[in-house]
1. For region B:92-109, which residues satisfy the criterion of being more than 9 Å from every other protein chain (Cβ to nearest Cβ) and either touching a Leu at 6+ places or on another chain (Cβ under 9 Å) or within 19 Å of B:P61 (Cα to Cα) (or both)?
2. Could you grab the pairs with beta carbons closer than 7 Å, sequence gap of 6+ or different chains, first residue in region B:15-43 and on the phi > 0 side of the Ramachandran plot, second one hydroxyl-bearing (S, T, Y) and open to solvent by less than 60 Å² (accessible area, probe 1.4 Å)?
3. Just a yes or no: is a residue in region B:105-113 of a type in the set (V, I, T), in contact with a Ser or Thr (Cβ under 9 Å, 6 or more places away or on another chain), in contact (Cβ under 8 Å) with a residue 40 or more places away in the chain and not in a loop (DSSP other than H, G, I, E, B)?
4. Quick test for you: out of A:T91, A:T64, A:T84, pick the one residue that is in contact (Cβ under 8 Å) with a residue 60 or more places away in the chain and either surrounded by 14 or more Cβ atoms within 10 Å (Cβ to Cβ) or on the phi < 0 side of the Ramachandran plot (or both).
5. Within region B:13-33, track down each residue that is within 8 Å of chain A (Cβ to nearest Cβ) and either touching a Pro at 6+ places or on another chain (Cβ under 9 Å) or among the small types (G, A, S) (or both).
6. Kindly indicate whether A:R54 is more than 21 Å from B:S93 (Cβ to Cβ) and either among the basic types (K, R) or crowded, with 19+ Cβ neighbours inside 10 Å (or both).
7. Mind checking whether some residue in region A:19-33 is within 12 Å of the chain's Cα centre (by Cα), closer than 29 Å to B:T7 by Cβ and open to solvent by less than 70 Å² (accessible area, probe 1.4 Å)?
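The values are calculated or read from the model by the stated rules, or taken from the named source; none is laboratory data. Computed from a predicted model, the values in this text were never measured in an experiment. Backbone-built Cβ (ideal geometry, glycine too); neighbour counts: all protein chains shown. Only protein heavy atoms, including side chains, enter the accessible area calculation; ligands, DNA and RNA are left aside. Shrake-Rupley method; radii C 1.70, N 1.55, O 1.52, S 1.80 Å.
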Amino acid sequence: SQQGEEDPQALSIQEGENATMNCSYKTSINNLQWYRQNSGRGLVHLILIRSNEREKHSGRLRVTLDTSKKSSSLLITASRAADTASYFCATASTQGGSEKLVFGKGTKLTVNP
Amino acid sequence: NAGVTQTPKFQVLKTGQSMTLQCAQDMNHEYMSWYRQDPGMGLRLIHYSVGAGITDQGEVPNGYNVSRSTTEDFPLRLLSAAPSQTSVYFCASSLDRGLWNTIYFGEGSWLTVV
């Protein structure tokens, strides 16, 4: 079953605006990762936040993690048309003695020029 | 440094045929995995491996076999293709078996079963 669930499923904004995507998950995690996927391409790793971290920044990206609420958010500031892509959260957890990375269904972001 | 390389990129199969999707990484990663991506379903884990000679099932393993004879290669075999296996397949690898580091993905293999 899916671990992470992104919200919203689709988001359309104007260039220069901020985009916020949320991810909720169900069980305890080792870390949570965000990925970007351009149409017809593979997934590109954006940022990893460990379970003992609350916030992490990378360029125009800001990720928060609230383990008490089992949720994370990805903020893209000053968005650009090139940010148009699908964004996925993935949770890394130890289940039954083995580690697994489980993805949500993604948020499709459209940035209009 | 090529990263994760998948072949073929596109393939059309007839129902009942078998084939192997190849995956190779040149980063000496311990962890390798295969996912399938279907519209509206995100990525679902098929099989994974935490090192040479070790494989395990993921969420949707039925109809697929894997082996890991070397650190570099992790082929995915479709034993008898079915239309339900029409999907985009991604191979991924990570440095450590604990998934504490970045996961690197291949560019994907588009498979159609008719």
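1. Selection gives B:S93, B:S109.
2. B:N28/B:T71
3. yes
4. Being in contact (Cβ under 8 Å) with a residue 60 or more places away in the chain and either surrounded by 14 or more Cβ atoms within 10 Å (Cβ to Cβ) or on the phi < 0 side of the Ramachandran plot (or both) holds for just one of A:T91, A:T64, A:T84, which is A:T91.
5. Within region B:13-33, B:S33 is the sole residue that qualifies.
6. For A:R54, the condition - more than 21 Å from B:S93 (Cβ to Cβ) and either among the basic types (K, R) or crowded, with 19+ Cβ neighbours inside 10 Å (or both) - is met.
7. Within region A:19-33 (the criterion being within 12 Å of the chain's Cα centre (by Cα), closer than 29 Å to B:T7 by Cβ and open to solvent by less than 70 Å² (accessible area, probe 1.4 Å)), the answer is yes, since at least one residue qualifies.
Each row is one residue, and each column tells you yes or no for (1) over 15 Å from the mean Cα position of the chain (by Cα); (2) farther than 21 Å from B:P39 by Cβ.
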| site | (1), (2) |
| --- | --- |
| B:V60 | no, no |
| B:G63 | no, no |
| B:R68 | no, yes |
| B:P83 | yes, no |
| B:S94 | no, yes |
| B:E107 | no, no |
